[in-house]
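Scroll down for the structure; my scribbles are underneath it.
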Amino acid sequence: MPTFVVFIVCAIVMVLVLAVIALWPWFGNLSTNLAKSAQNNQEQNNQEQDNQLLTLNIDVFKQRLAELEEDFLQQQIDKITYDSQKLALERQLLDIDETLNAHRFIPNAKSRLIFIIWIPCLVAMAYYLIADRSETFKLWQAQDSMGKVADDLLTGAIQTPPESVSKNLLGFVNTLQTNVHHHATDPMRWFRMSQVYAMFEASEQSIESLARAYRLQPDDEQIALAYAQSSFFGQGGMLNTESRQILTNLLKQNPKHQGAQMLMAMGEMREGNYDSARNWVQLLKTDILARSGDHSQAIQSLNELEQNINEQQAKSKQAVEIKVSITPEILGRVKKGDTLFVSIRAAQGGIPVAAKKLSADALTKDGLTIKISDNDSIMPTERLSQALNAKKPLLVTARISTSGDATAQKGDLQSSPVVLQPKGVTVMIDKVH
C-alpha cells in the first residue's frame with residue numbers, strides 16, 4: 001500500500017480517537033446514557049424539592065424577622081444588634097437562593113453531534129492550510145519508487161544505481177539519506193553514503209558520514225583510511241590531530257599499510273617535517289621493492305615525491321618564523337575542526353603574497369609557531385622571497401574560521417595586522433570579526 005494512503009488512514013483514525021477522548025466526559029458511561037430519561041425525571045423532582053425548600057426557608061426568614069422586630073420594639077435588643085442580626089438573616093436567604101438556582105449546562109444530542117463533526121473538520125483544515133506537506137509527499141513518492149534501489153546500493157547488492165534514478169536525483173538522494181538514518185548503526189551504509197556525497201562534491205557531508213562510520217567501526221581499515229584521506233584533503237593537505245591518530249592506529253594494526261604511509265609522508269612534507277617525510281617515502285620504496293613484479297611506475301612516483309620534498313626543504317631555508325598567540329577569552333571560542341589561516345600581504349593591500357592553512361586544533365594558550373616560505377606563495381610569479389628581497393612592507397594577519405573559507409566571514413576570530421620583521425613576528429588573535 002502506498003505510504004501516502006497509509007498516512008491519511010492513520011491520520012483520520014488518530015483524529016477520531018482524539019475527538020472521542022476529548023468529548024468522552026460529555027458522553028459519560030453507557031449505563032448513564034441508558035438511564036437518561038430516569039435522570040431527567042430525577043432532576044425535575046430535585047428541582048421541585050429545591051423550590052419547596054426555598055419556599056420553606058422564606059417562611060422561616062419572615063417568621064424570624066418578625067420576631068426580631070418584635071424584640072426591637074419591646075426594647076429587648078438595641079439598634080446595633082437588630083441591624084446586625086437582620087443583615088445575617090438576609091445573607092443566609094441570599095446564599096440559599098443562589099445555591100438552589102445555580103445554572104448547569106447539560107449538553108444535548110445536537111451539541112454533541114456538532115462537536116463530533118467539527119473537531120475533525122477543523123483539524124483537517126488546519127493541517128492543509130497552515131502546513132505545506134508537498135515536500136513530504138514527494139519524499140514518500142520517491143521512497144515508494146526508489147526505496148529498493150537505495151537499499152541495494154547502500155548494502156552493496158549493486159555498485160551503481162540504474163539510469164532511471166537520474167530523472168529524480170534529488171528524490172533519490174533524499175531516499176538514501178532516509179534509509180541511512182533508519183539504519184543509523186550500520187557503518188557500511190554511512191560509508192557508502194559518503195561516496196554518494198563525494199560524487200556530488202558535497203565534501204562536508206561526505207566527511208561527516210565517514211566520521212559516523214568510523215565511530216561505529218574504528219577497526220575497519222577501509223573506513224579509517226577513507227576518513228583520514230577525506231580529512232587530509234578537506235584541510236588543504238594538512239593532518240589534523242584526529243586524522244594523524246587514525247593513521248597511527250592503522251599503522252599499528254598494519255605497519256606496511258601503503259595508503260597510511262603515503263598520507264603520513266605527504267602530511268609531514270606539508271608541515272615542514274622533511275626528514276620524517278623522507279623516511280616514510282623510503283619505507284614505501286622498501287615495501288614495494290620487496291614484492292614481486294614490475295613496480296617501476298610506483299617507484300618513479302615516489303622518486304618525484306622525494307624530489308619535491310627536497311625542493312620544498314631548500315625553499316624553506318628562507319622561511320620567516322611567525323608565532324600565533326591567542327587571548328584566553330578568544331581561545332574559549334575555538335571549536336574542534338576550526339581552520340587557522342596565517343597570511344602575509346603587501347601593506348597597500350591585494351591578494352596575499354603567501355598564506356598557510358592549518359588546523360586550529362594545534363593552537364593552545366601558549367600559542368603556535370609556524371614557518372612560511374616560498375612553498376606557501378600564492379602566485380608563482382610573486383614569491384615571498386622576492387618580496388622580502390625587495391624589502392617591500394608586508395603585513396601578517398591570523399584568522400580562525402569555522403567554515404574553512406579563505407574569505408573572512410562574520411564571527412571569525414582574527415588578529416590585527418602586524419608588520420613583518422626579518423627575524424619573525426608575533427600576531428595576537430584577540431577579536432571577533
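The values are calculated or read from the model by the stated rules, or taken from the named source; none is laboratory data. What you see is a predicted model; the values in this text were computed from it and never measured. Positions of Cβ are backbone-derived with ideal geometry, glycine not excepted, and every protein chain shown enters the neighbour counts. The accessibility values were calculated without ligands, DNA or RNA, using every heavy atom of the protein model including side chains. Shrake-Rupley method; radii C 1.70, N 1.55, O 1.52, S 1.80 Å.
Assorted remarks:
- Check on residue 383, under 15 Å from residue 342 (Cβ atoms) and of a type in the set (Lys, Arg): no
- Among residues of region 414-431, those that are open to solvent by 40 Å² or more (accessible area, probe 1.4 Å) and in a loop (DSSP other than H, G, I, E, B), counted: 5
- When we screen 180, 165 for residues that are of a type in the set (Val, Ile, Thr), touching a helix residue (DSSP H, G or I) at 6+ places or on another chain (Cβ under 7 Å) and modelled with pLDDT of 90 or more, the only hit is 180.
- Pair list, Cβ < 8 Å and 6+ apart or interchain, from region 303-317 residues that are touching a residue at least 40 places away in the same chain (Cβ under 8 Å) to residues that are among the basic types (Lys, Arg) and surrounded by 15 or more Cβ atoms within 10 Å (Cβ to Cβ): 309/278; 316/371
- Condition met for residue 412 (among the charged types (D, E, K, R), modelled with pLDDT of 85 or more and farther than 25 Å from residue 232 by Cα): no
- Residue in region 361-380 that is aliphatic (A, V, I, L, M), more than 18 Å from residue 416 (Cα to Cα) and part of a loop (DSSP other than H, G, I, E, B) present: yes
- For residue 356: the one exception among (1) open to solvent by less than 10 Å² (accessible area, probe 1.4 Å); (2) in contact with an Asp or Glu (Cβ under 6 Å, 6 or more places away or on another chain): (1)
- Counting the residues of region 227-267 that are in a helix (DSSP H, G or I) and open to solvent by 20 Å² or more (accessible area, probe 1.4 Å) gives 17.
- Looking at 178, 160, 185, just one residue is in a helix (DSSP H, G or I) and either closer than 22 Å to residue 230 by Cα or open to solvent by 20 Å² or more (accessible area, probe 1.4 Å) (or both), and that residue is 178.
Residues are listed down the side, and each one gets a yes or a no for (1) assigned to a helix (DSSP H, G or I); (2) β-branched (Val, Ile, Thr); (3) in contact with a Ser or Thr (Cβ under 9 Å, 6 or more places away or on another chain):
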residue: 280; (1), (2), (3): yes, no, no
residue: 286; (1), (2), (3): yes, yes, no
residue: 305; (1), (2), (3): yes, no, no
residue: 329; (1), (2), (3): yes, no, no
residue: 335; (1), (2), (3): no, no, yes
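- Test result for residue 196, of a type in the set (A, V, I, L, M, F, W, C), in a helix (DSSP H, G or I) and more than 26 Å from residue 300 (Cα to Cα): yes
- Scanning region 349-360 for residues that are in a loop (DSSP other than H, G, I, E, B) and in contact (Cβ under 8 Å) with a residue 40 or more places away in the chain yields a single hit, 353.
- Some residue of region 406-414 being under 11 Å from residue 324 (Cα atoms) and free of Cβ contacts under 8 Å to residues at least 40 places away in the same chain: yes
- Unmet requirement for residue 77, which otherwise passes all of (1) open to solvent by less than 70 Å² (accessible area, probe 1.4 Å); (2) modelled with pLDDT of 85 or more; (3) part of a loop (DSSP other than H, G, I, E, B); (4) not basic (Lys, Arg): (2)
- Members of region 199-226 found to be among the aliphatic types (A, V, I, L, M) and assigned to a helix (DSSP H, G or I), listed by number: 199, 207, 210, 211, 213, 216, 223, 224, 225, 226
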